[in-house]
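Notes follow the structure.
Derivation of every value follows stated rules applied to the coordinates shown; laboratory data play no part. Everything numeric here is computed off the predicted structure, so don't read it as measured data. Positions of Cβ are backbone-derived with ideal geometry, glycine not excepted, and every protein chain shown enters the neighbour counts.
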């Protein structure tokens, strides 16, 4: 989802390009819902929640730097959470 949102920022994809920020927010919540936290994850999670709230508020209210780059702040936040979980799942289907 987050990769598709980045592609939607650089090329016009009808619905995806218009809601790219909200798609990354959805990918962020989906990632947190599916993956477990690793050791030392709590301080990073608190920082991530602060960035999430700043990005969402920055959409509606002008915050000097965050409002200009709200999509990229959220994308960096998403990548930080993905890296913090240390997840490396592979789907293996056997018969």
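Annotations
- Cα gyration tensor category, rounded, prolate or oblate, for the chain with a/c compared to 1.5: oblate
- Extension gain, residue 46 back to residue 63 (0.36 nm per residue minus Cα-Cα distance, nm): 4.1 nm
- Sequence-distant contacts, meaning Cα pairs under 8 Å at least 6 residues apart, place the relative contact order of region 2-85 at 33 percent.
- Taking a point 7 Å from the Cα of residue 80 along the Cα-to-Cβ direction, the residues of region 1-27 with backbone N closer than 15 Å to it are 25.
- With helices as the sole contributors, the chain gives -21500 deg cm²/dmol at 222 nm; each DSSP H run of n ≥ 4 counts as -39500 (n - 2.57), and the sum is divided by every residue.
- Zero-based 10 Å bins, Cα pair distances in region 13-56, whole percents: 23, 47, 23, 6, 0
- Approximate spin-label separation residue 19-residue 35, in nm, with each point projected 7 Å along Cα-to-Cβ: 2.4
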